[in-house]
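Bear in mind these aren't lab numbers, they're just calculated from the coordinates by the rules spelled out. A quick note: this is a predicted structure, and the numbers were derived from the prediction, not measured. Note that we place each Cβ from the backbone using ideal geometry, even for glycine, and neighbour counts take in every protein chain shown.
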Amino acid sequence: MRIDIITIFPEAFAPLDLSIIGRAKTEGRLQVFTHNLRDFTTDRHRKVDDKPFGGGVGMVMMVEPFAKAVRQAKLANPTAKTILLSPAGEVFNQKMARGFAQETGLVLVCGHYEGIDERVRSLCDQEVSIGDYVLTGGEFGPWS
């Protein structure tokens with residue numbers, strides 16, 4: 001299985017080289033690729049967020065870098081299921097894990113800041129929450 005992770009913090013996934021996941025990678029059962037969302041920006045500051053178009057406080061992550069990143073990840077595995085990791089999604093459970101294990105691959109889209117541009121949701125097949133608790137960002141999941 002191939003897993004592509006789109007994030008602004010690719011270094012947060014170094015622990016995936018350890019333990020059970022690390023062994024799966026070593027045995028060739030799993031490939032994990034991280035994609036730095038900032039690599040898909042066009043400005044010199046590599047900006048991924050902007051003020052919400054409808055106004056309001058905070059910043060939201062822009063759709064354009066996500067669209068480019070998802071497109072690139074899907075070129076490597078066109079049948080991969082694209083998952084938006086979000087507190088608003090369906091709560092991750094064992095049945096979902098079994099279903100994901102049957103996929104050819106997954107593209108995990110990690111949000112951050114106050115939220116994401118709503119159009120990012122249209123790039124994804126499913127929205128998943130890893131549980132009812134707060135972490136530092138959307139990158140950390142059941143493996144942390």
Spatially near lysine pairs across the range 2-129, Cα under 23 Å, sequence gap of 8 or more or different chains: 7
Under the 7 Å Cα-to-Cβ spin-label approximation, residue 20 and residue 95 lie apart by a distance in nanometres of 2.1
Based solely on its DSSP helices, what 222 nm [θ] is calculated for the chain when runs of n ≥ 4 H residues each add -39,500 (n - 2.57) and the sum is averaged over all residues, nearest 500 deg cm²/dmol? -6000 deg cm²/dmol
Built amide H within the under 5 Å cut-off of residue 115, gap 5+: 61
When 124, 110 are ranked with the fewest other C-beta atoms within 10 Å first, the list becomes 124, 110
Quick one: order 39, 132 by neighbouring beta-carbon count within 10 Å, fewest to most. 132, 39
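Express in % the proportion of alpha carbon pairs of the chain at distances exceeding 22 Å.
On the way: 3881 of 10296 pairs.
The calculated P(r) of the chain puts 38 percent of pairs beyond 22 Å.
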Mind checking which of 36, 93, 77 has the largest fluctuation in a GNM of the chain, springs on alpha carbons under 10 Å? 93
For a quick check: with amide H placed at 1.01 Å from N, whose amide H comes under 5 Å from residue 34's, ignoring anything fewer than 5 positions away on the same chain? 5
